[in-house]
1. Provide the net charge surrounding GLN22, with neighbours chosen by a C-beta distance below 14 Å and charges set as Lys +1, Arg +1, Asp -1, Glu -1.
2. Highest first, please rank the peptides 14-23, 89-98 by the mean number of other Cβ atoms sitting within 10 Å of their residues.
3. What net charge do the residues around ARG71 carry, taking every other residue with its C-beta under 12 Å from that of ARG71, with Lys and Arg at +1 and Asp and Glu at -1?
4. What accessible surface, in Å², does a 1.4 Å probe find on VAL32, ignoring ligands, DNA and RNA and rounding to the nearest 10?
Amino acid sequence: QTAAEAALVPGVSVLGVRSLRQLIAVLTDEPVPEEEVQELGRPDPMLAGLTVPGAGMGTGVAAVSGAGAGRPDLAEVAGQRAARTALEVAAAGGHHIFLSGPPGAGKTMLAERLPGLLPLLTQQE
């Protein structure tokens, strides 16, 4: 599902497989068996709020024209003073951060704004 996103990395050859059977066939130089495309159906409610790689914000796929362009900004957050301070300290010091709390507390909102506090990565990084 994410082979197209992985192919964006320069100098990397990407081959997507749909099953472990296909992977084994590729690694053993055997003919690759056809696999049915499975319908994903309804999302698992336990995964609510999580993003699928390559399907949303923070994937780095969108073109960024200026520093911070198109990123959510911490200035948009009302309240959450202690959480904002913790996020700023973690970003400034290169520390890890663990967001914990009940649904709706703002964990995802804050996590989406963390990249806006960090400098853009260079191609080498």
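The values are calculated or read from the model by the stated rules, or taken from the named source; none is laboratory data. From a predicted model like this one, the values you see are computed outputs, not experimental measurements. When we count neighbours, we look across all protein chains shown, and the Cβ atoms used for this are built from the backbone with ideal geometry, even at glycine. Only protein heavy atoms, including side chains, enter the accessible area calculation; ligands, DNA and RNA are left aside. Shrake-Rupley method; radii C 1.70, N 1.55, O 1.52, S 1.80 Å.
1. Net charge around GLN22: -3.
2. Highest to lowest by the protection proxy: 14-23, 89-98.
3. Charge balance in the 12 Å sphere: -2.
4. 80
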